[in-house]
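First comes the structure, then the notes that go with it.
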Amino acid sequence: MTLKSNEDWRLALPPVIRTFVEGSECEPVDIGKSNASVSRFISPSRTLFLKTCPIDQCEEVDAEVERLSWLKGRMPVPDVVAFANDERYQYLLVTSLPGQNGVEAGREDPRAVVLGLARALKLLHARSPDGCPFEQSIATQVAKARERVRAGVVDEKDFDEERSGRTAEQLLVELEAWRPSDEAHALTHGDPCLPNVLFDRGTFVGFVDCGRAGMADPYQDLALAARSIASNLGLNWVPVFFEEYGLPMPDERKLAFYRLLDEFF
């Protein structure tokens, strides 16, 4: 459900959500890929974001609620304002972070965005993952990918261009064959593509869309961040990103594995 006018949300939203957005202007947010729709509510005092997802596709919203609560103080992320369900949808209302997403900010100052993202991920990955309840290991994620293929919920139309026309079953065979033999463990965002990273006047502010955060190999973040930098800012910025992160010669096979893994989610 995409909310396109104030009348839409007055009629459609649960009371616990409506309480916080009454009197706000509503506009859709179209950037990013997700089963959920996102709306921005603007009032004189603050801006809030509402994620709305069909009740039968709400795994990512459930995951994000849990992660945002745990990540507070460990990673710069929005606060959860309200969370609700009805018979059709699940609703997550969060605070806004200042600035622009990395795609918009990168058009103005790509170097600041690339360097800022590299530094932010390096700091995040240096934090201890001890006590993190969200395991995103290779074994866990491959098992989830296998379940999603069996359930027929992998979006084959959204595959990267290099895999266009192939089936999820074919990619699963390839994924199993490409599993890295080594795996590090760090606190990761899970999907730090540029739409999910915010900058204010060239300075990193924080992360949004944290439903895949957890303990994983840092290459989980590095692979998706580098792919997003290449597609949004240009391939020439990818070496700059890895140099600033401190990994001038990344393992290309591991990067390819995590890009392939992302196709299932």
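Each reported figure results from applying straightforward, stated rules to the coordinates on display, with no laboratory input. It should be emphasised that the depicted structure is a prediction, and the values quoted were computed from it without experimental measurement. Backbone-built Cβ (ideal geometry, glycine too); neighbour counts: all protein chains shown.
Near the amide H of V205, within less than 5 Å, lie the amide hydrogens of L198, F199, D200, all on another chain or at least 5 residues away, with H placed in the peptide plane. The helix-based estimate of mean residue ellipticity at 222 nm for the chain, built from -39,500 (n - 2.57) per DSSP H run of four or more residues and divided by its residue count, is -12500 deg cm²/dmol to the nearest 500. Here is the link list: K72/K122; K51/K72; K51/K254. Which ones come out longer than 25 Å on Cα distance? In this structure, K51/K254 lie more than 25 Å apart at Cα. If you take all other residues with their beta carbon under 11 Å from the beta carbon of F83, and give Lys and Arg +1 and Asp and Glu -1, the sum is -2. The distance separating the Cα centre of the range 87-147 from that of the range 162-177 comes to 25 Å.
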